[in-house]
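Structure record follows, encoded as structure tokens.
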Amino acid sequence: MAGNPVAIADTPFSRVVNESQLKQVMPAAERFSPKAGTPPVFTAYATDPASGSDVIIGYVFQTSDLPPEETGFSSTIDVLVGLTVDATVTAIKVLDYNESFLSSRGDFLSIPPFQEQFRRKPLSDPFRVGRDIDGVSRATITSWATSRGVYNAARRVAQAYLTGSGFSAAADAAGNARAHLAPLSWEDMTAQGLVQVMTARLPDDTALTLSFAYMGNEVLGELLVGNDYYSRAERDASSRFDEGKLMLVGIGGNASDPFRQERFSIQQGDAVYPMPRRRTVYAGSADQGKIAGQANFAVAMILDPTLDLSQPFTVLYDPQNSQPPYSVDIQIQGIPLDLALGREIRAPGDPALDEMMQSSVGGLLTDINWTRVLPLLIIFTLVMAAFLRKDARLRWITLGLTLVYLGFINGGFLSVSHITNTINLGPSMLFSDLPLWMIVVFTLITTLIWGRVFCSSLCPFGALQDIITRIVPRRWQKTVPAYIHDKALYLKYALLALIIVMALVRSDISIFQYFEPFGTLFFYSTSMVLWTILVLILLASAVVKRFYCRYVCPLGAALGVMSLISLRRIKRVPQCSVCKVCEHACPTGAIRNEQIDFKECVRCDICESKLITQAGVCRHSVESLTSRGVQLLPVSQLG
């Protein structure tokens, strides 16, 4: 009886186990059910002395039934695990592995000292080799894979079957985190401040691009670099230090001087944390997870455990070539900060969303990063001063600051992805980053009052197009025939609809990056397809003023729809009905005779300035024109 097999046929990749093996890992059990359930387990029963009836005392499972499995030095390792109803591992038994060391060292995982460490081990322990688990000598990778395989599988069983153990809540938190972060692209995370970028420009005009993201949780690791690379980085980190969370570093660019991890240091307040080579581990070739295509390869810094993750800190990189160190200010925020601090994570659609938003706003106003907020306030002030005063010189200064700061330095501009993410995740995502919230509020208010002021002066890609128009010889610039322009302008509205529909029906697929080339430029994408799209749009913009704004920009389309209800419109006078000056000067083709298509107008001030300076027919009075027989439309018929 003791040797009867009890595995069933619906788990073909599991090694068949018998009752004696089940008893080895759950000795208190009197009988076991067949393997069943999701995930599949053997339910262990014993007789309750008080009632005389059978009660469940735990579950036995195989790690091979709960993929993805941890990989040892050569292969996966199948382990039989017992777990009591109070979330304690009773014992483990290694069933099968095929490591290359077997031929020379024998069955080294079956030695009692290693497996005995798991006997009566609470699942609340970290299960880390080098911390609470002693690995097998010269088999650290295999020991790690066994420990993590047991831990990960046991947690999933606890989450599924031990509803009162607290692991169900942990599963909910992980699920909520994935629900929020999975739809985000790398560009989204950068725009929201979850990824910070440092660009070190070297004297020979080459550049080293370093991208930083907190990765101190397996949910973040899986999303950012993929499960395999994260597991390896975590394993290597644990073998070197007892404590310390991981900070992902993506390495890109074309620097002639190779990246050196020992050139890193971290500063928080008066404390400086050096980053010797052993505090950096390999984190993959940037071909999995959200970092795929965004870097050449990745490493992970092992943060000092005394670093306060709730407070800002600065990462410095010393090029050691007589240049001062490059630096980037990092504030872990949003869901990564919730995971780092063990705080509650709200799911999208949570009924307590209003309360969360209120607390988020409170946090925004108490934890202000003035190095990011102050430049935005300055730019907002310049935008409004140039707009209200119709000051062309001040507007060009503002455009330059917008392009350099919001584009290349901060990367905090708006994107249609903010619309799709709000659809998928709710408005709470906007309240995790004060600068983003400021730009959103400024854009909404100005659009509702005056129209697309954002497109005119706060969009770095719009600024780039205006600069291109300024420097390209006029003889190269062409006017799109009206019959083509009038149809082509609706392309951007179709693209907006496509992106929104995709966000609603397939939130796991991101397509907006193909229609927003500024992300390619300002985030230094490594995709040749995206760079080709960018180059083509810039070439078109050199020939046709604001080509991208006219025909392609989905965010401009969204703001265009909103501007249809704007309160303040551009003034028209009777002379406009017989004048073409503003029509010819309009960079988006929004003016036709006296009519202005306000959804296409970007409030660039050109036509208003011409009206103020009377640069067209408006230099003549209505009386003088009508006395010469010129037919003017009344003001009531002007657009």
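The values are calculated or read from the model by the stated rules, or taken from the named source; none is laboratory data. Just so we're clear, the structure is a prediction, and the values are computed from it rather than from any experiment. Neighbour counts run over all protein chains shown; Cβ positions are idealised from the backbone, glycine included. Keep in mind that these areas ignore ligands, DNA and RNA; they rest on the heavy atoms of the full protein, side chains included. Shrake-Rupley method; radii C 1.70, N 1.55, O 1.52, S 1.80 Å.
My understanding is that a pair violates if its Cα-Cα distance is over 26 Å; which of Lys390/Lys599; Lys545/Lys571; Lys390/Lys492; Lys290/Lys545; Lys23/Lys245; Lys571/Lys599 do that in this structure? Cα-Cα > 26 Å for Lys390/Lys492; Lys290/Lys545; Lys23/Lys245; rest within.
In this structure the amide hydrogen of Ala207, modeled in the peptide plane, comes within under 5 Å of the amide hydrogens of Leu202, Asn254, Ala255, Ser256, none closer than 5 places in sequence on its chain. Proximity of backbone amide H atoms, modeled 1.01 Å from N, is registered between Ala286 and Ala298 at under 5 Å, excluding neighbours fewer than 5 places apart on the same chain. Can you give me the C-alpha center-to-center distance between the range 213-278 and the range 505-544, rounded to a whole angstrom? Measuring centre to centre over Cα atoms gives 29 Å. Per-residue Karplus couplings for the range 76-90, computed as 6.51 cos²θ - 1.76 cosθ + 1.60 with θ equal to phi - 60°, are listed in order as 6, 10, 8, 10, 8, 10, x, 9, 7, 6, 9, 6, 10, 6, 7 Hz, Gly and Pro entered as x. Positive contributions from Lys and Arg (+1) and negative ones from Asp and Glu (-1), summed over other residues with Cβ under 10 Å from the Cβ of Glu262, come out at +4.
Modelled label-to-label distance, Ser256 and Ala585, 7 Å Cα→beta-carbon offset: nm? Between Ser256 and Ala585, the simple spin-label model gives 4.7 nm.
Distance between the modelled labels on Asp270 and Asp134, one decimal in nanometres: 4.2 nm (7 Å Cα→Cβ projection). Approximating the spin labels as points 7 Å out from Cα along Cα→Cβ, the Phe297-to-Arg568 distance works out to 5.6 nm.
Extension gain for the segment Asn18 to Arg592, taken as residue separation times 0.36 nm less the Cα-Cα distance, is 198.2 nm to one decimal. Scalar couplings 3J(HN,Hα) for the range 328-338, obtained by applying the Karplus form with A = 6.51, B = -1.76, C = 1.60 to θ = phi - 60°, are 9, 7, 10, 10, 5, 8, x, 4, x, 5, 4 Hz; x denotes Gly and Pro. Only protein heavy atoms count here; under a 1.4 Å probe, Ser20 has an accessible surface of about 40 Å². In order along the range 144-152, the Karplus-derived 3J(HN,Hα) couplings, from 6.51 cos²θ - 1.76 cosθ + 1.60 at θ = phi - 60°, round to 4, 4, 5, 4, 5, x, 5, 5, 5 Hz, and Gly and Pro are given as x.
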